[in-house]
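Working notes for the structure below.
The values are calculated or read from the model by the stated rules, or taken from the named source; none is laboratory data. Computed from a predicted structure; not experimentally measured. Here the Cβ positions follow ideal geometry from the backbone for every residue, glycine too, while neighbour counts run over all protein chains shown.
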Amino acid sequence: MKKLLIIALGLAFTATSFAQTKPAPGNTKPAPTNAAHAADSVAQAYDRPLDGYYTKTNFEERKVTPYPNLRQADVIFAKRVWREIDVREKMNQYLASPKSRLIDVLMAAIDAGELTAYDPTPNPAKGDPSGDAFSTPLTGGQAKARMADSAVVDQFDADGNKIGSRVQAGEFNPDSVIKFRIKEDWVFDKQRSVFEPRIIGIAPLIRFQVEGLETDYQPAFWVYFPEARQVLATKEAVSRNNDATGLSFDDVFLKRLFSSYIVKASNEKDERIKDYAQGIDRLYESERIKKSLMDWELTLWQY
């Protein structure tokens with residue numbers, strides 16, 4: 001009799017425990033697990049950790065340092081010069097850094113409508129015989145199409161005779177842009193007694209691929225530099241030796257932190273150096289023009 005009583009009490013206790021753990025009718029949702037809690041936490045907004053130990057300057061809020069005002073009456077000497085920057089040179093390699101390429105900055109601004117690209121095709125009817133006077137604006141799509149790796153393809157008729165050629169555009173490769181051309185004026189301001197350069201325009205250079213021929217680099221488009229300064233001032237340039245320089249691309253051009261060589265100086269025949277000098281003589285002529293500009297300033301202060 002005692003054993004039967006113990007068995008009955010055990011069965012009653014088991015039934016009570018089962019009733020407590022049995023879910024309520026209609027509530028079949030499983031209890032949340034730790035993994036589900038973790039997933040919900042990741043999906044929620046969070047404060048991104050600081051990538052470093054100090055807050056860097058917000059380049060997007062930077063403003064351009066304006067040039068001093070320049071009046072025509074104060075300019076007693078001026079010389080227009082065209083230079084080329086080769087990003088393969090050691091001093092210029094940071095301009096083609098994958099972290100921040102100059103060409104990427106320009107193309108992004110053109111795509112966003114922040115910059116206007118200008119057609120480099122000569123247009124004497126608009127007073128632009130050299131194609132660098134910003135006479136014909138391009139759309140963002142037209143500018144990007146000109147930057148695509150292009151090749152000159154021959155065209156043939158039904159009989160297999162060559163009837164011409166056309167430019168076939170490929171995909172844009174930023175690594176293919178290895179040169180930039182700069183158009184600038186060297187002016188002497190008698191009001192401030194300063195001889196300084198003022199950059200007017202900048203153009204990325206491209207080379208068409210023609211089978212069996214070595215073509216020259218040509219401007220893909222021109223960008224008006226005073227307009228581009230606000231864009232360049234908000235983009236940080238990568239430094240080879242110091243991550244804390246805080247230099248923008250505008251600082252690079254304003255402080256002349258690049259290496260270049262002269263390809264043309266204003267003259268009565270509108271000739272480029274390559275039109276009258278070949279081989280190593282081009283470099284000598286480039287250095288001669290550079291020295292003549294420096295000598296003019298030195299001679300100015302000799303008594």
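Please indicate, with yes or no, whether at least one residue in region 240-255 is hydroxyl-bearing (Ser, Thr, Tyr), over 21 Å from residue 147 (Cβ atoms) and within 15 Å of the chain's Cα centre (by Cα).
Quick first cut of region 240-255, residues hydroxyl-bearing (Ser, Thr, Tyr) only: 245, 248.
Okay, now just the ones that are also over 21 Å from residue 147 (Cβ atoms), so 245, 248.
From the residues that got through so far, the ones that are within 15 Å of the chain's Cα centre (by Cα) too are 248.
Checked region 240-255: at least one residue is hydroxyl-bearing (Ser, Thr, Tyr), over 21 Å from residue 147 (Cβ atoms) and within 15 Å of the chain's Cα centre (by Cα).
Return the residue satisfying two criteria in turn: it lies in region 20-62 and is surrounded by 10 or more Cβ atoms within 10 Å (Cβ to Cβ), modelled with pLDDT of 55 or more and in a loop (DSSP other than H, G, I, E, B), and of such residues it is nearest to the chain's Cα centre (by Cα).
62
Among the residues of region 86-100, what is the count of those that are part of a helix (DSSP H, G or I) and surrounded by 16 or more Cβ atoms within 10 Å (Cβ to Cβ)?
The initial filter retains those residues of region 86-100 that are part of a helix (DSSP H, G or I), namely 90-95.
With surrounded by 16 or more Cβ atoms within 10 Å (Cβ to Cβ) added as a condition, the list becomes 92, 94-95.
The number of residues fulfilling the criteria is 3.
Based on this model, can you work out whether residue 116 counts as surrounded by 10 or more Cβ atoms within 10 Å (Cβ to Cβ), β-branched (Val, Ile, Thr) and more than 30 Å from residue 191 (Cβ to Cβ)?
Numbers: surrounded by 10 or more Cβ atoms within 10 Å (Cβ to Cβ): yes; β-branched (Val, Ile, Thr): yes; more than 30 Å from residue 191 (Cβ to Cβ): yes.
Here the answer is yes, as residue 116 does meet what is asked.
Does any residue in region 63-74 that is assigned to a helix (DSSP H, G or I) come within less than 7 Å, Cβ to Cβ, of a residue that is among the basic types (Lys, Arg) six or more places away or on a different chain, and which pairs are these?
Pairs found: 74/190.
Condition first: surrounded by fewer than 19 Cβ atoms within 10 Å (Cβ to Cβ) and part of a strand (DSSP E or B). Now tell me which residues in region 218-231 satisfy that. Break it down stepwise before answering.
The first filter runs over region 218-231 and keeps only residues surrounded by fewer than 19 Cβ atoms within 10 Å (Cβ to Cβ), leaving 218, 224-227, 230.
218, 224, listed by residue number.
Does region 203-217 hold any residues that are surrounded by 13 or more Cβ atoms within 10 Å (Cβ to Cβ) and either out of contact with any Lys or Arg (no Cβ under 7 Å at 6 or more places or on another chain) or at pLDDT below 75 (or both), and which are they?
Residues of region 203-217 surrounded by 13 or more Cβ atoms within 10 Å (Cβ to Cβ): 203-210, 217.
Passing the criteria: 204, 206, 207, 208, 209, 210.
Would you mind finding the one in 263, 238, 231 that is under 16 Å from residue 184 (Cα atoms) and touching a residue at least 12 places away in the same chain (Cβ under 8 Å)? Don't jump to the end; show me each part of the working.
Details: 238 fails: under 16 Å from residue 184 (Cα atoms); 231 fails: under 16 Å from residue 184 (Cα atoms).
Matching residue, one of 263, 238, 231: 263.
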